[in-house]
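To keep things clear, I will list the structure first and then write my remarks on it.
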Amino acid sequence: MTAMDAYNFAYLDEETKRMIRRALLKAVAIPGYQVPFASREMPMPYGWGTGGVQVTAACLMADDVLKVIDQGADDTTNAVSIRRFFQRTADVAVTEETEAATIIQTRHRIPEAALREGQIMVFQVPIPEPLRFLEPRETETRRMHALADYGLMQVKLYEDIARHGEIATAYAYPVRVEGRYVMDPSPIPKFDNPKLNDSPALMLFGAGREQRIYALPPYTQVESLDFDDHPFVASKADHACDICGATESYLDEVITDDQGGRMFVCSDTAFCRSRQGDAA
Amino acid sequence: MYVAVKGGERAIENAHAWLAEERRGDPTVSELSIAQIREQMTLAVNRVMAEGSLYDPDLAALAIKQARGDLIEAIFLIRAYRTTLPRLAGSNPVDTGAMVVSRRVSATFKDAPGGQILGPTFDYTHRLLDFALMAEGEAPPAAPTAPADPVAVPHILGFLDRDGLIEAATPSDLTPPDLTREPLELPADRALRLQSLTRGDEGFVLGLAYSTQRGYARNHAFVGELRIGTVAVEVDIPELGFAVEIGEIELTECETVNQFKGSKTEPAQFTRGYGLTFGQTERKAISMALVDRALRWRELGEDFTGAPAQDEEFVLSHCDNIQATGFLEHIKLPHYVDFQAELELIRSVRAAAFSQMEAAE
Amino acid sequence: MNMQPISGGFSNAPLQSATAFRAVLQAMSRPGLWQAIDGAAPPAPLSQASGALILTLADPNTPVHLAGTLDCDAVRGWITFHTGAPLVAAQDADFAVGAWDDLQPLDRFAIGTPEYPDRAATLIIELDGVPAANARLTGPGIDGEITAFCPGDRPTAFPLGLDLILTDGARIMGLPRSTGLEFL
């Protein structure tokens with residue numbers, strides 16, 4: 001595409017990359033704290049991964065191998081679109097294999113395959129503030145984080161239990177980082193929350209429209225909020241994958257007819273395919 | 001393998017091809033030129049320049065053509081382009097007092113130096129469809145012109161200012177903050193609020209302004225002056241030691257005169273609201289002035305009544321239509337994974353409730 | 001004419017600064033481990049590593065403080081030419097570069113505010129050779145614990161604090177404020 005020839009490596013200009021890189025370093029130094037950054041208008045809509053794209057662009061090296069997933073799958077349209085953007089602007093190698101990737105940009109999932117040291121996960125984040133739905137004002141939530149005043153969140157979780165018998169949050173389930181900041185892990189299913197804890201990979205979170213970057217360094221203690229008498233459970237559909245038979249992977253439910261028929265398949269398409277390969 | 005939506009490169013490419021075909025429409029109808037859009041869809045071009053924050057009528061026209069007339073999409077194209085441009089220089093503040101006006105009206109004084117100039121306005125047109133335009137007739141006869149009037153057109157509010165009847169607007173040499181290069185930080189100062197409003201969605205700002213007129217933080221605005229015209233843009237060249245004019249832009253400026261502040265110790269004065277926008281965009285400029293005034297409640301010692309137009313965090317967080325449209329439209333992206341998590345949760349909560357009900361029976 | 005200020009920058013800034021940044025990102029996310037960083041050839045006495053850090057992170061928006069012998073014409077000229085970063089006093093600095101002793105007292109540097117703990121300085125500390133490990137490090141980025149050399153303690157009241165990057169020739173080690181230090 002000649003249209004992109006006029007743009008810099010990985011699209012962003014160097015000044016913008018420096019600004020994002022400085023924010024990333026502060027984010028790594030203060031795990032779980034949301035660093036404000038001057039998010040740029042990207043050539044894709046806000047809400048479609050502009051934060052993740054800017055973080056990836058600021059991190060990419062020429063010899064990186066990039067994997068992009070949306071809902072766990074490499075072939076969903078927005079994942080295809082973002083992957084193509086970086087192929088075009090950074091001429092970077094791409095892969096669908098989790099193990100082969102050096103940077104994995106994701107929306108809503110953490111891959112099933114174990115991550116390793118040296119890998120970077122980049123999460124696309126719509127609303128980075130875990131307290132936002134309890135308190136809409138940024139000025140208030142910033143003060144709460146400053147004071148580590150998370151009473152509001154405790155009350156909300158407790159009210160859930162009183163009303164529903166369990167904590168009524170199934171995705172974007174809040175975590176506490178190293179006993180200090182309460183953090184939104186992005187809208188991953190709570191099934192994925194345990195993968196955040198003590199991971200060998202570096203986890204970076206970018207929220208473009210909300211202009212925030214935050215991070216979890218490798219080997220960071222990340223606990224999902226819970227109560228002693230209502231401990232956190234990383235739940236998934238109680239089925240095996242109807243394609244590869246995996247029992248430990250997160251599943252998508254697919255409706256197959258209008259008679260109540262359904263099947264369950266791995267949401268991580270690369271994982272599912274690798275198991276089919278093993279079986280064959 | 002069965003996967004609900006197989007996206008894939010080809011689906012995207014085909015969608016883009018279809019989009020291009022739809023954009024062009026019936027190929028037996030001649031194609032719109034950029035010049036036609038620029039010259040005949042001027043107000044659309046002006047809105048795209050104002051909310052896109054880029055003064056370039058040709059690019060705005062191109063964006064409108066590419067966006068099939070969807071102005072928010074066109075604004076988005078302009079914003080995404082603008083953000084990649086290098087910052088070569090910062091201009092000096094423009095002097096709207098020296099504006100060459102094409103329109104200038106005051107609702108507060110019947111006449112004033114410089115006069116009332118209606119200019120090219122819809123105001124007194126009767127909104128009757130002009131079927132003659134359907135016939136693609138001749139160009140209209142030239143409008144009568146008056147000889148150029150060398151009389152300066154001073155700001156109306158200057159007359160009130162001279163008598164001390166309106167709050168002083170003290171000039172400042174401080175460089176205003178730049179929303180496009182720094183993250184929004186609250187509370188914002190007035191300069192930042194004005195920058196946000198001038199880029200803000202016309203419909204959103206209009207709705208907020210209208211709400212103040214209907215009593216949600218009513219501030220009794222008079223249009224002290226509305227002026228539209230061209231001003232020179234000057235840039236200091238350090239090597240030369242003076243400023244050079246790099247071009248002219250068309251601006252709309254609205255200054256409102258609002259109900260006064262004052263106390264036993266301080267004589268009453270009118271207060272101000274201010275709007276300034278690219279191009280001929282007067283609905284937006286007037287709306288901006290009303291919302292600016294409503295947002296100044298703290299500085300003017302007024303009460304916060306809880307009205308949306310007074311709420312700086314609410315207004316600034318939601319007035320940008322590119323942010324809003326992106327986030328709104330993203331909910332059509334797949335959310336299978338989060339929804340699946342919700343499904344499991346609701347099934348589990350229901351199962352627990354049913355077993356409790358059974359146990360109770 | 002003295003050509004020194006203009007030589008020694010990145011020859012391909014987009015690619016080299018990306019590689020250098022990843023070294024810094026790795027250093028800050030794995031405290032106690034040394035990472036190679038190169039591509040810069042700054043004038044003495046500035047190390048290659050510090051040169052690469054400055055080229056990668058500094059620009060007209062980031063005030064830089066030079067301490068001790070680094071505060072010389074050659075280094076000042078090089079930084080100004082390549083980055084445009086304003087050179088400032090300690091309390092105004094986003095980045096400060098110098099030997100440990102020259103950077104003292106550390107309480108001159110910004111450690112952030114409770115609302116904005118990110119508004120804290122990053123200190124780039126030039127070592128000349130790395131002495132034996134003298135501290136046990138724990139915290140985020142560290143698998144259990146690790147021992148490393150640290151020139152001394154720094155003011156920390158997490159989440160406020162200073163983030164340190166040690167340099168030695170063409171390598172760096174990160175010591176973010178989140179790292180617990182226990183001197184042996």
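Here is a yes/no grid of residues against (1) surrounded by fewer than 22 Cβ atoms within 10 Å (Cβ to Cβ); (2) in a loop (DSSP other than H, G, I, E, B); (3) away from chain A (no Cβ under 14 Å); (4) in contact with a Cys (Cβ under 9 Å, 6 or more places away or on another chain):
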site	(1), (2), (3), (4)
B:275	no, no, yes, yes
B:323	no, no, no, no
B:330	yes, no, no, no
B:338	yes, no, no, no
B:349	yes, no, no, no
B:359	yes, no, no, no
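Scan region B:277-287 residue by residue and report those that are touching a Cys at 6+ places or on another chain (Cβ under 6 Å) and among the β-branched types (Val, Ile, Thr).
B:286
Touching a residue at least 60 places away in the same chain (Cβ under 8 Å) and among the hydroxyl-bearing types (Ser, Thr, Tyr): which single residue out of B:145, B:170, B:212 fits that description?
Answer to the check: B:212.
Matching residues to (1) within 21 Å of residue B:99 (Cα to Cα); (2) at pLDDT 95 or above:
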site: B:233; (1), (2): yes, yes
site: B:249; (1), (2): yes, yes
site: B:265; (1), (2): no, no
site: B:268; (1), (2): no, no
site: B:283; (1), (2): yes, yes
site: B:321; (1), (2): no, yes
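Give the residue that is farthest from the other protein chains (Cβ to nearest Cβ), with candidates limited to residues of region A:82-116 that are of a type in the set (Gly, Ala, Ser) and crowded, with 18+ Cβ neighbours inside 10 Å.
Here the answer is A:101.
Working only within region A:30-57, note down all residues that are more than 23 Å from residue A:222 (Cβ to Cβ) and either within 7 Å of another protein chain (Cβ to nearest Cβ) or more than 15 Å from the chain's Cα centre (by Cα) (or both).
Residues satisfying the conditions are A:38, A:39, A:40, A:41, A:42, A:43, A:44, A:45, A:46, A:47, A:48, A:57.
Run down B:245, B:185 and say which single residue is in a loop (DSSP other than H, G, I, E, B), free of Cβ contacts under 8 Å to residues at least 24 places away in the same chain and out of contact with any Phe, Trp or Tyr (no Cβ under 7 Å at 6 or more places or on another chain).
B:185
From the list A:76, A:16, exactly one residue is within 20 Å of residue C:24 (Cα to Cα) and over 15 Å from the mean Cα position of the chain (by Cα). Which is it?
A:16
Which one of these is closer than 23 Å to residue C:11 by Cα, assigned to a helix (DSSP H, G or I) and not charged (D, E, K, R): C:69, C:62, C:56?
C:56
Could you grab me the full set of residues in region C:104-129 that are farther than 28 Å from residue A:36 by Cα and at pLDDT 95 or above?
Hits for region C:104-129 are C:104, C:105, C:126, C:127.
Please specify each residue of region A:121-153 satisfying the condition of being within 26 Å of residue A:246 (Cα to Cα) and out of contact with any helix residue (DSSP H, G or I) (no Cβ under 6 Å at 6 or more places or on another chain).
Correct list: A:121, A:123.
If you take the residues of region C:101-128 that are of a type outside the set (A, V, I, L, M) and under 11 Å from the mean Cα position of the chain (by Cα), which of them is nearest to the other protein chains (Cβ to nearest Cβ)?
Once the filter is applied, the top-ranked residue is C:122.
Out of region C:12-48, which residues are of a type in the set (Gly, Ala, Ser) and in contact with an Asp or Glu (Cβ under 7 Å, 6 or more places away or on another chain)?
Scanning region C:12-48 gives C:13, C:17, C:47.
Regarding residue C:58, is this residue surrounded by fewer than 24 Cβ atoms within 10 Å (Cβ to Cβ) and in contact with a strand residue (DSSP E or B) (Cβ under 6 Å, 6 or more places away or on another chain)?
So residue C:58 fits the description; yes.
Before we move on, is residue C:135 away from every other protein chain (no Cβ under 12 Å), surrounded by fewer than 22 Cβ atoms within 10 Å (Cβ to Cβ) and among the small types (Gly, Ala, Ser)?
Spelling it out, residue C:135 is indeed away from every other protein chain (no Cβ under 12 Å), surrounded by fewer than 22 Cβ atoms within 10 Å (Cβ to Cβ) and among the small types (Gly, Ala, Ser).
So in region A:175-185, with the set limited to residues that are in contact with an Asp or Glu (Cβ under 7 Å, 6 or more places away or on another chain) and more than 14 Å from chain B (Cβ to nearest Cβ), which one is nearest to residue C:157 (Cα to Cα)?
My answer is A:176.
Please note which helices (runs of 4 or more DSSP H) are completely contained in region B:1-118 and include at least 1 residues that are under 29 Å from residue B:229 (Cβ atoms) and not polar (S, T, N, Q).
B:34-40, B:42-52, B:57-66, B:71-82
Counting only residues that are touching a residue at least 24 places away in the same chain (Cβ under 8 Å), of a type outside the set (S, T, N, Q) and assigned to a loop (DSSP other than H, G, I, E, B), how many does region A:77-113 have?
12
Is it true that some residue in region A:194-209 is at pLDDT 95 or above, at the interface with chain B (Cβ under 9 Å from one of its Cβ atoms) and under 28 Å from residue A:134 (Cα atoms)?
There is at least one residue in region A:194-209 that is at pLDDT 95 or above, at the interface with chain B (Cβ under 9 Å from one of its Cβ atoms) and under 28 Å from residue A:134 (Cα atoms).
Looking at (1) facing another protein chain (nearest Cβ under 9 Å); (2) acidic (Asp, Glu); (3) over 16 Å from residue B:340 (Cβ atoms), which is the one condition that is false for residue A:258?
Result: residue A:258 fails condition (1) only.
The values are calculated or read from the model by the stated rules, or taken from the named source; none is laboratory data. Nothing here was measured: the structure is a model prediction, and the numbers come from that model. Neighbour counts are summed over all protein chains in view; Cβ atoms, including those assigned to glycine, are modelled from backbone coordinates with ideal geometry.
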